[in-house]
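Just below is one structure, and these are the notes that go with it.
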Amino acid sequence: MIDVSTTPATNKSGPAAGRRRTYRPNAQYIPVLATLTLLIVMYTLGAVNYENFTHPSVILNLFTDNAFLMVVAVGMTFVILTGGIDLSVGAVIALTSTVAATLLQAGWPAGVVIPTVLLVGGVLGLGMGAVIHFFKVEPFIATLAGMFLARGVALLIDQNSIPITNGFWTGLAEARIVFEPGVYISAMALVALAVVAVAAVVLAWSRFGRNVYAIGGNADSALLMGLPVGRTRIGVYTLSGFCAALGGLIYSITTTSGYAGHGTGTELDAIAAVVIGGVLLTGGSGYVLGTVLGVLVLGMINTIVNFQSLNSWWARMAIGVLLFAFIVLQRLVTRRAK
Amino acid sequence: MGEPPAVLEMTGIRKIFPGVVALDGVDFRLLPGEIHALMGENGAGKSTLIKVLTGVYGIDGGEIRLSGRDVRFTGPLQAQQAGVSTVYQEVNLCANLSVAENIFIGRQPRRFGRIRWAEMRRRSADLLARLDLDVDVTAPLNTYSLAVQQMVAIARAIDIDAKVLILDEPTSSLDASEVAQLFAIMRRLRDAGVAILFVSHFLDQIYEVADRITVLRNGALIGEYRTSELPQVELVGKMIGKELATLEQLESRPRDSTEQLERGEPLLRAEGLGREGAIAPFTLAIHAGEVVGLAGLLGSGRTELARLLFGADKADSGHIEMGGKPVAMRSPRAAMAHGIAFSSENRRTEGLIGELSVRENIILALQAARGWTRPIARRRQDDLVAKYIKALQIRPDNPEIPVRNLSGGNQQKVLLARWLITEPKLLIIDEPTRGIDVGAKAEIQRLVAELSTGGMAVLFVSAELEEVLRLSHKIEVLRDRRLVEELENTGDVDADRVMHIIASGATS
């Protein structure tokens, strides 16, 4: 596949022929491989140090516990790939879980509530995307406004936690595939994995997905190349809003409640997962698979902290150190690419 | 005659920007299967014409006909779809994507909405093979040199079934062998019937590859010529706007202050100084009290040379001596510490801060030289500023008004005052008279002469040959990023001779 027989005249700064002989992974895969290695190292450390760490449920629970975060982080991946950011996702979880719980309490059927809630998230994302594109507002500011708005509306609806007793909801909360007693994967984890699969296909195989990468690489060039920059940019924020709403639904299902305090700080967890997963914060490089690994790393940190029965701030500190390490790694990789 | 009908015809194109007529009734045509060079100095209207053609700007008059049909493009996309593709000076691709993707993005082959990567890769490899380029199309674009990136941009452009291909200074960052490769591709496309519009500042390149030349000056059409029938000297004359005959009649310059100059040790000596892609290694000595003029066309390396001396760019060969001792010009700050001042070409973006007052702008460099921990007393500021406002006749003479409210000429004087206040030993002034009126021009020239009489060395960079001739003791002639000739400005040097050197690269 790798062909270095370019004429010398054109190959001045191209990959040096000599170095190609030894296997060197494509620079774009290095961050993902680093995350994968990290995950394996953490798992091995856990397996060596703690009893029962190798039990299959440890890994399956990672998916179950972090299903909502995975869905939110997938939406965030699209946004960050374009070079943007979405701070509203945590608040959207609060809003959508509150709306869902309120509507269910009012007796709406689940079949109506779910599309309604997803629509709310999508429309909010669409609005933020439109503001970002048409008024040239920084994504940070536009989504910060969206965050306050969504959380505010949630609080306006209800300041207290609203329990959900709807049969469909509680049924979904219990739905799972049991492999053996105590070893199962929840329906919500499967939903999250389905979202991941769809997102991976969209990013790799659709024009929309490739435009996302192009915009993250160089938005001005993308425009001159005749790509639909506006449509794509608004599209990713709509998608992120939709994913956040879906994440909110999953959250309300796993907790069987709606609450304006849900999802506090989730936007930061999602960003951390995406960055640890190797997506370049300036956009244009990264994979959904990396994001999944990033979410699993965050989950693994929490698991280890639990096994060690440490306080949860140890998890925060570990995430901080990792974030820092990965941003430096990205910088090194991109510098070498130039 | 045997000429095929033009694929593109622009007639009577007018484009007006507030206060400026950028294009005034320009006619331009492109025949299929030709390489057509568009020539002109800065501000001649080349880029405006290209932007009109590619739909970036609308037009205020005239008509554009493509293959005999009236067209009016509303944007680059429409122009592309009609068969007019542009490759810009800077590569406008996404360096993070693969080569194949850069060629096909937005038009990827699909089946059931799914991109067919294999077919895309195969087609890109075929396309690049047609351009004699054998690269791994799956590698990210940023792993390849600018030359390859440029070719990929061309591949993308011609795959959009281009009838007209515009190459806007594609060679400015390529080396000789890369240029040769690009030209081979251009010739091949020409033979396949594509009409190519080629813009370059390198005269040799134009004569090597272009079939015909259209010359613009000050937004007006000067003429369309066959390359074989237009000698280089005449082309330069048409671009600069002086016919040879007129130039020969110019009376000798009044160089009253510049005649006898005692030269001792040079103040600054650059030995084999050069920077790849910017300027070939050169050797240059500047003495105290001497005005050294840099002559050459736009893009000949004038500014690049000056920037090397000031440490604004890093030299990759040679060294600089000052007063006989080697010094490292690592940064503009180091150069300033050695008494070098650089008044830049672009007073708006590089030099002045429009919102600050005249006083603050003038004090800036002196304050920077002293360091921010030692502020200059307000009274001393006022004295200094008042002195230079008077000496340079800056109008209005109120030091507290924002600089952006001043006219171009007065802004230039403020910039000059800023550097003079630091009492440099060597003053580099790049294009000090661009875009200012005749009166202000004369004043700035008078000032340069006065400064050199006062013992300051001046490196004077200007596109206007007459200005350089009038002021300089010594003229360095640049051509195609190379210092080709040093002339003592004695009586027998005139614009004609300098132009010959610029055009041919050799002394006549």
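A short reminder: the numbers here are calculations on the coordinates, not readings from a lab. What you see is a predicted model; the values in this text were computed from it and never measured. In this analysis, Cβ positions are derived from the backbone assuming ideal geometry, glycine residues included, and neighbour counts consider all displayed protein chains.
Shape call for the range B:8-246 from the C-alpha gyration tensor, a ≥ b ≥ c root eigenvalues: rounded (a/c under 1.5), prolate (a/b greater than b/c) or oblate? Prolate, since a/c reaches 1.5 and a/b exceeds b/c. With both labels modelled 7 Å from their Cα along Cα-to-Cβ, the A:Ser206 to B:Arg114 distance reads 1.4 nm.
What residue among A:Val123, A:Val74, A:Val212 has the largest mean-square fluctuation in a Gaussian network model of chain A, using Cα springs under 10 Å? Answer for the Gaussian network model of chain A: A:Val123.
Mind checking the dipole of the protein assembly as shown: about its Cα centre, +1 per Lys or Arg Cβ, -1 per Asp or Glu Cβ, Debye to the nearest 20? It would help to have the intermediate numbers written out before the result.
Working: 79 positive and 79 negative charges, 394 e Å.
Here the protein assembly as shown has a charge dipole of around 1900 debye.
Could you tell me which helices of chain A pass both thresholds, a Cα extent of 20 Å or more along their own axis and a mean Kyte-Doolittle hydropathy of at least 1.6, with helices taken as whole DSSP H runs? Before the final figure, lay out the partial values.
Numbers: long enough: A:30-49 (28 Å, 1.86); A:67-81 (21 Å, 2.72); A:89-105 (24 Å, 1.70); A:110-134 (35 Å, 1.99); A:139-157 (27 Å, 1.87); A:187-205 (27 Å, 2.74); A:229-255 (39 Å, 0.90); A:288-307 (28 Å, 2.01); A:313-337 (36 Å, 1.08).
Sorted by number, the helices that extend far enough and score high enough are A:30-49, A:67-81, A:89-105, A:110-134, A:139-157, A:187-205, A:288-307.
What are the GluC sites (Glu not before Pro) within the range B:338-428 that DSSP puts in a loop, where the Cβ has at most 14 other Cβ atoms within 10 Å? Don't skip to the end; give the middle numbers.
Values: sites: B:Glu345, B:Glu350, B:Glu355, B:Glu360, B:Glu400; in loops: B:Glu345, B:Glu355, B:Glu400.
Here the sparse-neighbourhood loop sites are B:Glu355, B:Glu400.
Report the charge-dipole magnitude of the range A:183-338 in Debye, nearest 20, computed about the Cα centre from +1 at each Lys and Arg Cβ and -1 at each Asp and Glu Cβ. Walk me through the numbers on the way to the answer.
On the way: 9 positive and 3 negative charges, 107 e Å.
About 520 debye.
Over chain B, what is the relative contact order in whole percent, taking alpha-carbon pairs under 8 Å and six or more residues apart?
So the answer I get is 15 percent.
Looking at this model, which pairs from B:Lys387/B:Lys474; B:Lys238/B:Lys314; B:Lys15/B:Lys238; B:Lys51/B:Lys238; B:Lys15/B:Lys413; B:Lys314/B:Lys390 are more than 25 angstrom apart at the alpha-carbon? Over 25 Å apart, Cα to Cα: B:Lys387/B:Lys474; B:Lys238/B:Lys314; B:Lys15/B:Lys413; B:Lys314/B:Lys390. Taking the Cα centre of the range B:8-246 as the origin and placing charges on Cβ (Lys, Arg +1; Asp, Glu -1), which of B:Asn218, B:Met239, B:Ala100 is farthest toward the positive end of the dipole? After comparing all options, I get B:Ala100. In a simple Cβ point-charge model (Lys, Arg +1; Asp, Glu -1; nothing else charged), chain B has a dipole of about 2020 debye relative to its Cα centre. Taking amide H atoms as placed 1.01 Å from N in the peptide plane, the amide H of B:Gln89 lies under 5 Å from those of B:Asp168, each 5 or more residues away in sequence or on another chain.
Calculate the FRET efficiency for B:Glu486 and B:Ala442 from the Cβ-Cβ distance with a Förster distance of 30 Å, rounded to the nearest 0.05. It comes out at approximately 0.65. For the range B:55-69, putting each phi into the Karplus relation 6.51 cos²θ - 1.76 cosθ + 1.60 with θ = phi - 60° gives couplings of x, 5, 10, x, 10, 9, x, x, 9, 10, 10, 10, 6, x, 10 Hz, in residue order, rounded to whole numbers and with x for Gly and Pro. Taking amide hydrogens as placed 1.01 Å from N in the peptide plane, the amide H of B:Leu23 sits under 5 Å from those of B:Lys15, each at least 5 positions away in sequence or on another chain. Between beta-carbons, use under 12 Å as the cut-off and find the net charge around A:Gly261, counting Lys and Arg +1, Asp and Glu -1. With Lys, Arg at +1 and Asp, Glu at -1, the neighbours total 0.
Would you work out if the range A:27-337 is rounded, prolate or oblate? Take a ≥ b ≥ c from the square roots of the eigenvalues of the alpha-carbon gyration tensor; rounded if a/c is under 1.5, else prolate when a/b is larger than b/c, oblate otherwise. Oblate, since a/c reaches 1.5 and b/c is not below a/b. When peptides A:237-248, B:198-209, A:49-60, B:468-479 are ranked by their average number of other Cβ atoms within 10 Å per residue, the highest-first order is A:237-248, B:468-479, B:198-209, A:49-60.
Calculated FRET efficiency, A:Lys136 and A:Val48, Cβ-Cβ r, R0 45 Å, to nearest 0.05?
Calculated value: 0.30.
Annotation: amide H of B:Leu459 within the under-5 Å range of B:Val292, B:Leu427, B:Ile428, B:Ile429, sequence separation 5 or more or interchain, hydrogens built in the peptide plane. Considering only B:Pro399, B:Val291, B:Gly351, the residue lying farthest towards the positive end of the dipole of the range B:265-504 is B:Pro399, judged by Cα position with unit charges set on Cβ.
Classify the range A:193-334 as rounded, prolate or oblate from the Cα gyration tensor: take a ≥ b ≥ c as the square roots of its eigenvalues, call it rounded if a/c is under 1.5, otherwise prolate when a/b beats b/c and oblate if not. If you can, show how the numbers build up before the last one.
Details: a/c = 2.42, a/b = 1.46, b/c = 1.66.
Here the range A:193-334 falls in the oblate category.
For the range B:411-425 versus the range A:174-230, the spacing of their alpha-carbon centroids is 58 Å. For the pair B:Arg14 and B:Ala368, label points projected 7 Å from Cα toward Cβ lie 4.4 nm apart.
Among the chymotrypsin sites (Phe, Trp or Tyr not before Pro) within the range B:54-115, which fall in a DSSP loop and have no more than 10 other Cβ atoms within 10 Å of their own Cβ?
Numbers: sites: B:Tyr57, B:Phe73, B:Tyr88, B:Phe104, B:Phe112; in loops: B:Tyr57, B:Phe73, B:Tyr88, B:Phe112.
Here the chymotrypsin sites (Phe, Trp or Tyr not before Pro) that fit, given the DSSP loop and packing criteria, are B:Phe112.
Working note: Karplus 6.51/-1.76/1.60 with θ = phi - 60° gives the range B:275-282 the couplings 8, 4, x, 10, 7, 5, x, 9 Hz, where Gly and Pro are set to x.
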